[in-house]
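The values are calculated or read from the model by the stated rules, or taken from the named source; none is laboratory data. Computed from a predicted structure; not experimentally measured. Note that each Cβ is placed from the backbone with ideal geometry, even for glycine, and that neighbours are counted across all protein chains shown.
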């Protein structure tokens, strides 16, 4: 076997087969079957060594995270994960790295019945690109652009943990080892909110996944929907690992600007709040109402009745999807 | 605009819109519409700076070639190009580079009515990954695995030009400036054989695109089809730029092992040779019969009636698609 065939062997093995994959990793292209009345959602994310991750990240976590960040984009559209294409550029063949990385990748992909149908292996600086595709009913489009004034703004899970984990690694905040481990678990093994996204399809007016911090991602919804929002920062949900262990301003900063949460932010009309409660009862994901959409453009932060200075709204942008 | 938004702006502009793209580059995912009775072909190729190309390659050629190598995979399956996802990793924002690169990319993509529906822009060592998707009728699958003993082996166009261009750049062969330019045109701006691939769908028993040299790529067909082949090397088609200008052995080496030709190699049953002639009359691509499939496994090279030593069959493998 050539070294490239060695690499490919790690990704050919260890995964389940979907019925709609006519031809997998063995020809010039993979061939997949389409389903009537079904749209396809397509997303691509790249992770670059030294930029998006360093040697502190276990390879298994890298494999998990590469799948998770892509599936999180599918979740935001309410799509059901189906097919993955992997482009992996590596400086050299490291079989123990490949074993761990592919195990992490297959573990999460298999959980969501998602099949790696092809890709490319090349030599060069470590760069990981995944294109994920998902299926959704053609009459249920969940995008960033449907939020209306009066809609309530929700987020899933808790915010700021991944950013806090990074800050702890850098020594910027001090947490105990158990908390550090809990925070790193959230940084290394984020959970794409696939089931929640599908449940939201008929209920939510807009949705986005929180990858760059709530302020930046909610602002994408506001811009695309041509509305504004009032956010109650005192309502932001934090994990036990964060709560009470670091300053409130620090928590708030991580939640608003930290990134890497991979929770969903979405908007629900007043009339659908009851339906949301019912839908959530079956899927075991907590959601929190954190504000309301307003006609007046822009994002305004409130702590109770006090509006916070606009400097806290500003954010740094970490990347742009095409 | 942030630097990533600057990058994205070059790819958002300058392209046409397909009717089946419901949502393009503006949300967590692109959304595309499926067509009944239609399969989707998916392929991914990566080009890494310093590995697959160097500073001698004009950025416009890079954009063209990135699309061409992916569309060539679609051509080998007889698929009609539809959607592209681009992952671009760059060390810094170079607007003149981006302008040229995106122009080359859009030029070829637009020619084939292929739309860039999304992707990711990241900072890091220059790496270009494209995932291309194409459409094909569900009852016409053209793969590597249908070749039968007695089928005739054809190749499109001419072979070895790209490898000769590289050899000339390295000073390994000597050609005049006009020839050098003709050869580099083939290296920098390969033509994906899209129309030929679609014409072959109902006629050919197998097909592959020639990216690693005819010997390696034909061997993939032989392996997948569980057959062998007799190749008449004296029938290999060469361009005017190659013919008579370099030694015959050198020509033959470039054609068999050079790579980067992006022509198609395919097999046609005896009974369909007439149909092939008719189909080709309308598409303006020359094809040449270069051998025949045999039951006995392995690839055998003949110069007239003389079998060449098996050492000439051996080849170096440059990469593996998953």
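Screening B:19, B:50, B:24 for residues that are in contact with a helix residue (DSSP H, G or I) (Cβ under 9 Å, 6 or more places away or on another chain), at pLDDT below 95 and farther than 16 Å from residue B:189 by Cα leaves exactly one candidate, B:24. I need the full set of residues from the range A:181-193 which are away from chain B (no Cβ under 13 Å) and touching a residue at least 12 places away in the same chain (Cβ under 8 Å), in order please. Scanning the range A:181-193 gives A:182, A:183, A:184, A:186, A:187, A:188, A:189, A:190, A:191. Residues that are within 14 Å of chain B (Cβ to nearest Cβ), buried (at least 21 other Cβ atoms within 10 Å of the Cβ) and under 30 Å from residue A:28 (Cα atoms) are absent from the range A:143-150.
Restricting A:46, A:95, A:34 to residues that are facing another protein chain (nearest Cβ under 7 Å) and either more than 28 Å from residue B:68 (Cα to Cα) or in contact (Cβ under 8 Å) with a residue 40 or more places away in the chain (or both) narrows the list to A:46.
Conditions tested, residue by residue: (1) modelled with pLDDT under 95; (2) in the same structural domain as residue A:177 (by TED's automatic domain parsing); (3) under 17 Å from the mean Cα position of the chain (by Cα); (4) farther than 30 Å from residue A:184 by Cβ.
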site: A:227; (1), (2), (3), (4): no, yes, no, yes
site: A:230; (1), (2), (3), (4): no, yes, no, yes
site: A:241; (1), (2), (3), (4): yes, yes, no, no
site: A:274; (1), (2), (3), (4): yes, yes, no, yes
site: A:281; (1), (2), (3), (4): yes, yes, no, yes
site: A:288; (1), (2), (3), (4): no, yes, no, no
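Considering the conditions (1) surrounded by fewer than 23 Cβ atoms within 10 Å (Cβ to Cβ); (2) within 24 Å of residue A:137 (Cβ to Cβ); (3) within 7 Å of another protein chain (Cβ to nearest Cβ), residue B:51 is excluded by exactly one of them, (2).
Annotation note: Cβ proximity below 6 Å between a residue of the range B:275-289 that is touching a residue at least 12 places away in the same chain (Cβ under 8 Å) and a residue that is assigned to a strand (DSSP E or B) (sequence gap 6+ or interchain) occurs for B:276/B:268; B:285/B:156; B:287/B:154; B:287/B:156; B:288/B:155; B:289/B:152; B:289/B:154. Under the condition of being over 15 Å from residue A:44 (Cα atoms) and either within 11 Å of chain B (Cβ to nearest Cβ) or within 16 Å of the chain's Cα centre (by Cα) (or both), the residues counted in the range A:70-92 number 5. Do the conditions hold for residue A:67, that is, is it more than 8 Å from chain B (Cβ to nearest Cβ), in contact with a helix residue (DSSP H, G or I) (Cβ under 8 Å, 6 or more places away or on another chain) and farther than 24 Å from residue A:213 by Cα? No; evaluated as a whole, the condition is false for this residue. Among the residues of the range B:22-46, those that are in contact with a strand residue (DSSP E or B) (Cβ under 7 Å, 6 or more places away or on another chain) and either surrounded by fewer than 19 Cβ atoms within 10 Å (Cβ to Cβ) or outside the structural domain of residue B:113 (by TED's automatic domain parsing) (or both) comprise B:22, B:33, B:35, B:37, B:38.
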